[in-house]
Amino acid sequence: MPYERSNIQKLAAYTPGEQPDQSSVIKLNTNENPYPPGEAVMKAIASVAAEQLRKYPPPLAMGFRKVAAQVHGIHPAQVLATNGGDELLRLAITVFCEPGLGQGRGGLGVAEPSYSLYPVLASIQDTPVTRVPLREDFSLPADFAARLNAAGCTLAMIVNPHAPSGRLEPLETLQAIAREFKGVLLVDEAYVDFAPHDALPLIREQGLSNVLLLRSFSKGYSLAGLRFGYGMGHADLIAALDKARDSYNTDILSQAAATASLQHRDEARKTWQAVIQQRNWLTKELAGRGFVVLPSDTNFVLATPPASAPAAASLYQSLKDRGIFVRYFDQDRLRDKLRITLGTPDQNKALINALDALLRPAAASR
Ligand SMILES: *Cc1c(COP(=O)(O)O)cnc(C)c1O
């Protein structure tokens, strides 16, 4: 007889994108920033003393929280440091979703498709998931909050800008959902550094008590290997989450690097601008080859190959054979598409050259 709980037994674990060992691979599959962290950040890591490593890290990460609060114009009590943004997602489910409910009674509400980790985390908590399909253009349906309320959801997760489409919802849409939804609305802003606006006004100017924002250092700040993220929201929400986290959930190196990243945001901002330039370039190049590319406010694009090209699954495999990794999702509404992380100009050119080689025979045989 297995020892684990039955929900864990049944669980289909989250599948992360591939992390190949060879550095020769062009990795356009997991939305990392193609540029390294800035000099100030590397210096901050290097200047952590042996004595600091010997001791436990600051348990509240107060140094980081103060800097984040200052940067965003909120109070340190409205900031929670986490071990990657993913830990905030898990904490939010632990704190806001009742376990052991039957299907269709409360739990987590999500839009479909979106980050596939959300329902996995809900299954671990043994809490039900209500899935609301996005519209054809990946926008949120007008009855999103009403449907989650009807299902009794106590927590909703929206990723904005959206993954995997790249679409950015206007602030007014999020505001209307937050006001109508009876539970906590977590707005996952993992990609917001590449977007023209964020949802901070919901907590800073409007003081909405049920909005929680997620930020990550993995995308905008080139620190996916470090594992650091944070949440922002009403001080009461943050205090509740704070009770459920590990005592030392973020380590001294990541606290130092994350703090320096925010203090020297100009370093990271240069990479955001470069990525956005490449986003425009790649979108044009793909469109010129018959791909349908959704407008993106992130560091990736979701592209549908033209009917004359090999199917998306086959393009994914052929690119991989040539050492270029992109992301393919074998699921409804996505299996005819490729999600392509923006790389450096050279990497993006290599992708286009490879696509040209792969599309040519198909075009010639018509
Ligand atoms: C990357 C990502 C996160 C957070 O990732 P961490 O590496 O844990 O900070 C959260 N949500 C989405 C949609 C993401 O893509």
> Would it be correct to say that Val41 is in a helix (DSSP H, G or I), at pLDDT 95 or above and more than 16 Å from the ligand (Cβ to nearest atom)?
Replying inline: no
> For the stretch 167-203, how many residues meet the condition of being in contact with a Cys (Cβ under 6 Å, 6 or more places away or on another chain) and open to solvent by 20 Å² or more (accessible area, probe 1.4 Å)?
Replying inline: 0
> What are the residue pairs meeting all of these: first residue in the stretch 210-230, first residue on the phi > 0 side of the Ramachandran plot, second residue assigned to a loop (DSSP other than H, G, I, E, B) and near the ligand (Cβ under 7 Å from one of its atoms), Cβ atoms under 9 Å, and 6 or more apart or on different chains?
Replying inline: Arg227/Gly84; Arg227/Phe217; Arg227/Ser218
> Checking Gly102 against (1) within 24 Å of Leu148 (Cβ to Cβ); (2) touching a helix residue (DSSP H, G or I) at 6+ places or on another chain (Cβ under 9 Å), which single condition isn't satisfied?
Replying inline: (2)
>> Exactly one condition in (1) surrounded by fewer than 19 Cβ atoms within 10 Å (Cβ to Cβ); (2) within 16 Å of the ligand (Cβ to nearest atom); (3) not β-branched (Val, Ile, Thr) is false for Tyr118; which is it?
In response: (1)
> Does Arg65 satisfy the condition of being among the basic types (Lys, Arg), open to solvent by less than 80 Å² (accessible area, probe 1.4 Å) and either within 30 Å of Leu315 (Cα to Cα) or in contact with a Pro (Cβ under 9 Å, 6 or more places away or on another chain) (or both)?
Replying inline: yes
> Residues in the stretch 134-142: is at least one away from the ligand (no atom under 16 Å from the Cβ), open to solvent by less than 10 Å² (accessible area, probe 1.4 Å), farther than 30 Å from Ala257 by Cβ and of a type outside the set (A, V, I, L, M, F, W, C)?
Replying inline: yes
> Of the residues Ala190, Ala178, which is touching a strand residue (DSSP E or B) at 6+ places or on another chain (Cβ under 8 Å), among the aliphatic types (A, V, I, L, M) and part of a loop (DSSP other than H, G, I, E, B)?
Replying inline: Ala190
> Is there a residue in the stretch 341-352 that is surrounded by 21 or more Cβ atoms within 10 Å (Cβ to Cβ), in contact (Cβ under 8 Å) with a residue 60 or more places away in the chain and closer than 26 Å to Leu134 by Cβ?
Replying inline: yes
>> Condition (residue is under 23 Å from the mean Cα position of the chain (by Cα), within 23 Å of Gln273 (Cα to Cα) and exposed (fewer than 15 other Cβ atoms within 10 Å of the Cβ)) applied to the stretch 16-23: is it met by at least one residue?
In response: no
>> Residue under question is Pro76, and the condition is that it be more than 21 Å from the chain's Cα centre (by Cα) and within 22 Å of Arg265 (Cα to Cα); does it hold?
In response: yes
> Here are some residues: Val110, Val159. Which one is within 16 Å of the ligand (Cβ to nearest atom) and either at positive phi or in contact with an Asp or Glu (Cβ under 7 Å, 6 or more places away or on another chain) (or both)?
Replying inline: Val159
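A quick yes/no check of all residues on (1) within 16 Å of the ligand (Cβ to nearest atom); (2) farther than 28 Å from Asn299 by Cβ; (3) surrounded by fewer than 21 Cβ atoms within 10 Å (Cβ to Cβ); (4) not hydrophobic (A, V, I, L, M, F, W, C):
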| position | (1), (2), (3), (4) |
| --- | --- |
| Leu213 | yes, no, no, no |
| Ser222 | yes, no, no, yes |
| Tyr230 | yes, no, no, yes |
| Ala235 | no, yes, yes, no |
| Asp246 | yes, yes, yes, yes |
>> If I ask for residues that are of a type outside the set (Gly, Ala, Ser) and either within 15 Å of the ligand (Cβ to nearest atom) or at pLDDT below 95 (or both), which ones from the stretch 186-211 would you list?
In response: Leu186, Val187, Asp188, Glu189, Tyr191, Val192, Asp193, Phe194, Asp198
>> Among the residues that make up the stretch 249-266, is at least one of them in contact (Cβ under 8 Å) with a residue 24 or more places away in the chain, farther than 30 Å from Pro141 by Cβ, among the β-branched types (Val, Ile, Thr) and surrounded by fewer than 22 Cβ atoms within 10 Å (Cβ to Cβ)?
In response: yes
>> Test of understanding: among Gly207, Gly166, Gly183, which residue is more than 15 Å from the chain's Cα centre (by Cα) and at positive phi?
In response: Gly207
>> Could you go through the stretch 133-141 and let me know if any residue there is more than 29 Å from Asp336 (Cα to Cα) and charged (D, E, K, R).
In response: no
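The values are calculated or read from the model by the stated rules, or taken from the named source; none is laboratory data. Everything quoted here is computed from the prediction, not taken from an experiment. Note that we place each Cβ from the backbone using ideal geometry, even for glycine, and neighbour counts take in every protein chain shown. Ligands, DNA and RNA are excluded from the accessible area calculation, which covers all protein heavy atoms including side chains. Shrake-Rupley method; radii C 1.70, N 1.55, O 1.52, S 1.80 Å.
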